[in-house]
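Enquirer: This is the structure, below, for whatever I ask next.
The values are calculated or read from the model by the stated rules, or taken from the named source; none is laboratory data. Every value quoted in this text rests on a predicted model; they were computed, and no experiment measured them. Because the Cβ atoms are built from the backbone with ideal geometry, glycine has one as well, and the counts that use them run over all protein chains shown. Note: accessible area is taken over every heavy atom of the protein model, side chains too, but ligands, DNA and RNA are not part of it. Shrake-Rupley method; radii C 1.70, N 1.55, O 1.52, S 1.80 Å.
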Amino acid sequence: MISSGRLRRRRPRHGGRREPVLLSPVILTVIITGLAFATPREFAFSRLLPAAPALAAAMWTVVPTVLLGIFCLVVMVTLSFFYSDLGTPYTGAAIIAVTLAAAYASHIRLEREEMLFQVRLVADAAQKVLLRPLPRRIQGVEIESLYLAAQEQARIGGDFYEAVDTPYGVRLLIGDVRGKGLQAVGAASAVINCFRENAYDLPDLRGIIHRLEASIARHSLAHPAPDQPEHFATALIAEIPYGGGQVRILNCGHPPPLLVRRGEIRVLESTMPSPPLNLATLLGDHYFVDTVAFGEGDQMLLYTDGVTETRDRDGTFFPLPDWMRQLGPAPPRELLDRLHRDLLHYSGGKLDDDIAALAVRCLTQLGQEHSG
């Protein structure tokens, strides 16, 4: 589930109910025409008629815009039969000039809208490659995802997640590349692709992290950003082994996940800190794996810091653990839907950072044999 972090109203299609704003050029024309006929000629409201096609250019296609301009010209000529000294030649010339300019402006706007549409199609395709739809169930684990882009035009960003079925169990990845723009997207893509390749082969989570560390380091050297020569990312890998009744977590500077077990909420803080990706040379390459009980009915929420750093009007951070306690038991999809809605409500409808989240619930004891 991927969407924008801004509250938006859907626009009706052309065959459906049209919004009143689309009729505003017609309404303006009717008002000016009525005033021109109903008031003395000294007021000369007819001189406002060129405003109607100018307004139409912002929302109509070329042909309706031209037709409205022709109608305004006809109105002006008709007025000249009832009132003298209206300056009909000058106003008529203004209507013609404005209509031609409006038609050209409408043509340019439509071309740009088509270009933007094509760009969004490419962005959607890139998003499906970077953050492909996750399976809703792997073995006995139910998985749901949420991605909210802070910018309305954005489809992807520096937050990322993945879930794969491996011979060692269900492995999950969530992380956040520091920075914005295409550079952050490129770094996130490098990390995800590396995880997809190595999660199937390497038996130890530390080995996967070393590969991710090397991947983002190579990407930073190959694609340095002017304002950020090196990229680094927080990341968290969780492994739910087959038949283990537990979850192994390697947290590299990422916000701690929340565990819901028998109605109790527990923040899974790391016992020992591990460095974020691409900072091992500065902080040391010591990675620590925590093991936590995770059995049937238990649920985890993995998230990026955009969740906990969402602010209200007073600047107070979103209280995620308290929110979870107030929410009570909820299946993964309902949990993320409520989180989506409440984050937008808490922030007043606009997010300042991208948000990614995974809700994972253990439905049954995972089998001893891998079926993939």
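Enquirer: When only DSSP loop residues count, what GluC sites (Glu not before Pro) in segment 279-339 have their Cβ near at most 16 other Cβ atoms within 10 Å? Walk me through the numbers on the way to the answer.
Expert: Values: sites: 296, 309, 334; in loops: 296, 309.
Answer by residue number: 296, 309.
Enquirer: At a Förster distance of 56 Å, what's the computed FRET efficiency of residue 325 paired with residue 61, Cβ-Cβ distance as r, to 0.05? Mind showing how you got there, number by number?
Expert: Values: r = 54 Å, r/R0 = 0.96.
Given R0 = 56 Å and the Cβ-Cβ separation, E is 0.55.
Enquirer: Under the rule of -39500 (n - 2.57) per DSSP H run of 4 or more residues, summed and divided by the residues of the chain, what mean residue ellipticity at 222 nm is obtained, to the nearest 500 deg cm²/dmol? Before the final figure, lay out the partial values.
Expert: On the way: 10 runs with 152 residues, N = 372.
Only helices count here, giving -13500 deg cm²/dmol.
Enquirer: Compare 158, 348, 169 in a GNM of the chain, Cα atoms joined below 10 Å, and give the one with the largest fluctuation.
Expert: Greatest mean-square fluctuation among the candidates belongs to 348.
Enquirer: Quick one: order 352, 337 from most to least accessible surface, probe 1.4 Å. Numbers along the way, then the final one.
Expert: Numbers: 352 120, 337 55 Å².
Ranked list, largest accessible area first: 352, 337.
Enquirer: Report, in cubic angstrom per residue, the convex hull volume of the C-alpha atoms of segment 316-358. Please report the intermediate quantities before stating the final value.
Expert: Values: hull volume 3.3 nm³, N = 43.
Hull volume over Cα atoms, normalised by residue count, gives 77 Å³.
Enquirer: Still on this model: Membrane-span-like helices in the chain: DSSP H runs reaching 30 Å or more (Cα, own axis), mean Kyte hydropathy at least 1.0? The partial results should precede the final answer.
Expert: Details: long enough: 62-82 (31 Å, 2.55); 88-130 (61 Å, 0.53).
Span-like helices, by this rule, are 62-82.
Enquirer: From the protein chains alone at 1.4 Å, what is the descending order of accessible area for 200, 147, largest first?
Expert: Values: 200 90, 147 0 Å².
So, going from the largest accessible area down, we get 200, 147.
Enquirer: Full-extension gain between residue 112 and residue 35, please, as 0.36 nm times their residue separation minus the C-alpha to C-alpha distance.
Expert: Details: separation 77, 0.36 × 77 = 27.72 nm, distance 3.62 nm.
Contour length minus Cα-Cα distance gives 24.1 nm.
Enquirer: A further question follows. Which semi-axis lengths, in whole Å and largest first, follow from the square roots of five times the eigenvalues of the Cα gyration tensor of segment 224-329?
Expert: Its equivalent ellipsoid spans semi-axes of 27, 22, 10 Å.
Enquirer: Kindly rank 265-276, 185-196, 80-91 from highest to lowest mean number of other beta carbons found within 10 Å of each residue.
Expert: Details: 265-276: 15.8, 185-196: 21.5, 80-91: 13.2.
Going from most to least packed, we get 185-196, 265-276, 80-91.
Enquirer: Another question, if that's okay. For segment 26-108, taking Cα atoms only, what is the radius of gyration to one decimal and the Dmax to the nearest whole Å?
Expert: In Å, with Rg to one decimal and Dmax whole: 12.3, 39.
Enquirer: Enumerate the amide H contacts of residue 159 below 5 Å, restricted to partners 5 or more residues apart or on another chain; note that Pro and chain-start residues carry no placed amide H.
Expert: 177
Enquirer: Let me know the whole percent of all Cα-Cα pairs from segment 291-372 that are separated by more than 17 Å. Intermediate results must be reported in sequence, preceding the final value.
Expert: Numbers: 1737 of 3321 pairs.
Cα-Cα pairs in segment 291-372 separated by more than 17 Å: 52 percent.
Enquirer: How do the peptides 240-248, 314-322 rank, highest first, by the average count of neighbouring beta carbon atoms within 10 Å per residue?
Expert: Working: 240-248: 18.4, 314-322: 12.0.
Taking the mean over residues of other Cβ atoms within 10 Å, the ranking is 240-248, 314-322.
Enquirer: Can you tell which of 134, 173, 363 lies farthest toward the positive end of the dipole of the chain, using +1 and -1 charges on the Cβ of basic and acidic side chains (Lys, Arg; Asp, Glu)?
Expert: Of the listed residues, the answer is 134.
Enquirer: Placing unit charges on C-beta atoms (Lys and Arg positive, Asp and Glu negative, everything else neutral), compute the dipole magnitude of the chain about its Cα centre in debye, rounded to 20. Don't jump to the answer; show the numbers that get you there.
Expert: On the way: 37 positive and 39 negative charges, 272 e Å.
For this selection, approximately 1300 debye.
Enquirer: Report the convex hull volume per residue for the chain, counting only C-alpha atoms, in Å³.
Expert: Numbers: hull volume 71.1 nm³, N = 372.
Given the Cα convex hull of the chain, per-residue volume reads 191 Å³.
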